[in-house]
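Participant: The structure that follows is given in the form of structure tokens.
The values are calculated or read from the model by the stated rules, or taken from the named source; none is laboratory data. Just so it is clear, the structure is predicted and the values come from calculations on it, not from any experiment. Don't worry about glycine lacking a Cβ; one is built from the backbone with ideal geometry, like all the others, and counts go over all protein chains shown. Just the protein is used for accessible areas: all its heavy atoms, side chains included, with ligands, DNA and RNA removed. Shrake-Rupley method; radii C 1.70, N 1.55, O 1.52, S 1.80 Å.
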Amino acid sequence: MKKILLLLLTLITLNVSSQELSDWKPKLKKVFKFSTFYGAVNGGTSLSDVDIYSVTNGLETQTITTPFDYSITFGVRKIARMGYEPKEAFKTGMENSYSDAATIGKVKGFEFLFEVDYKRQQGENYVDQNHFLRYVSDKYILKGEYLEDGFADIKYFETSQRYRWKKDKKLSFNIGAVQRLSEPYGYDPLAEWRLSNNNLHYTFLALEEGYNVEFDGQGGAEYFDPSGNSVATSTEVWEAVAIPEMLANYTEKKRNELSQTIQHSLVVGFDYYHYTKTFWLHSWGNLIPYHYDDGNEFSYHKYNNGQWYDYSGGLIFGYKYNKHLGVFVEGKYNKYWNREWHDFSLGINYILF
């Protein structure tokens, strides 16, 4: 939430700090002119019920039920629609606009997006957030962005300042600096628990985390979690079920204990946009080839043994051979630190008359 407020404050400050108080309201109205506020709830059936059978104490049946999927979306956006994008009657929160990830939009000036999605998918609850504001001119690009992707397990705040060189109306290149604030990706909480043969001393770790083992004196044992609940009555169940859950909880806890780190890097990129009613091509790319090493204990340089490449890009292509046949390809790809997230769509359309 603090990052969202920071982005909003930056937007307002950049636009009104140089104005007299009497000009504040007209300026703010101009900033939000043509923007859309939206909220939506979407839902649907998830995985069907699954029956699990057991014959340990006679035939037993357990039904695993996955609750229905849903998403709750709130947002506000002011982004000029590209020529290839359809005009929606309403924003439903289910749109997948690849062009939102582009460095440069269709028009110059300020554009922004603030969107939060609360989701449940296949029984898993998570939050997705995508907030950004950017200012584009013929000579420079300023952008601030906060991204949280629950499925990809990525979350960061990023600002960038770039010089822009336009080759023509379609193609431009940019170079500048980028600053990213995030958790120390690459940090492995289990590294200190690894033995010399690279195996993990998981039972000792579990005991340190509050688990307990009680032996019955006949070669058997029962295992208890920190709350005193029995989690296993055999070594096989302990290693297959209880230990993986303990490791997942431990690594998440240790990651959350660390402070966020800031990474200063160099960025270069390009943007290309061409559109006609029968052919369009929109592509962009960003490469972050150099990162300043400040000697931080949890710097990604230590986990990567030096420099590394982060990059992102997208492609939107469409071609109509004639009034009947057309093809399209759309997608974007991102790789930051040791995280990757991407999506794509491609297909063919044939219209019958």
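Participant: What FRET efficiency comes out for the pair residue 227/residue 333, r = Cβ-Cβ distance, R0 = 35 Å, nearest 0.05?
Facilitator: Using R0 = 35 Å, I get an efficiency of 0.25.
Participant: Using a 1.4 angstrom probe with every protein chain in place, what is the largest-first accessible-area order of 133, 171?
Facilitator: Largest to smallest exposure gives the sequence 171, 133.
Participant: In a Gaussian network model over the chain where Cα atoms closer than 10 Å are linked, find which of 103, 278, 92 has the largest mean-square fluctuation.
Facilitator: Among 103, 278, 92, the largest GNM mean-square fluctuation belongs to 278.
Participant: Ignoring everything but the protein chains, give the 1.4 Å probe accessible area of residue 162 in square angstrom, nearest 10.
Facilitator: Estimated to the nearest 10 Å², residue 162 gives 20 Å².
Participant: With the contact rule set at Cα under 8 Å and sequence spacing of 6 or more, what percent relative contact order holds for the chain?
Facilitator: Relative contact order for the chain comes out at 11 percent.
Participant: Now for a separate question. With helices defined as uninterrupted DSSP H runs, which ones in the chain have an alpha carbon span along their own long axis of at least 15 Å and mean Kyte-Doolittle hydropathy of at least 1.6?
Facilitator: Working: long enough: 2-16 (21 Å, 1.81); 243-257 (21 Å, -1.43).
The qualifying helices are 2-16.
Participant: Give the Kirkwood hydrodynamic radius (Å, one decimal) of the chain, defined as one over the mean of 1/r across all pairs of different Cα atoms.
Facilitator: By the Kirkwood definition, the hydrodynamic radius is 24.5 Å.
Participant: Cut-off under 18 Å on the C-alpha distance; same-chain residues fewer than 8 positions from residue 119 excluded. Which lysines are left, in chain and number order?
Facilitator: Residue 119 reaches 91, 155.
Participant: Straight-line reach from residue 87: which lysines fall under 21 Å, measuring Cα to Cα and dropping same-chain residues less than 8 apart?
Facilitator: Within the straight-line cut-off, residue 87 pairs with 33, 78, 106, 108, 277, 320, 323.
Participant: Need the full-extension length gain, residue 248 to residue 323, defined as separation in residues times 0.36 nm minus the C-alpha distance. One decimal, nm.
Facilitator: Length difference between fully extended and current span is 21.6 nm.
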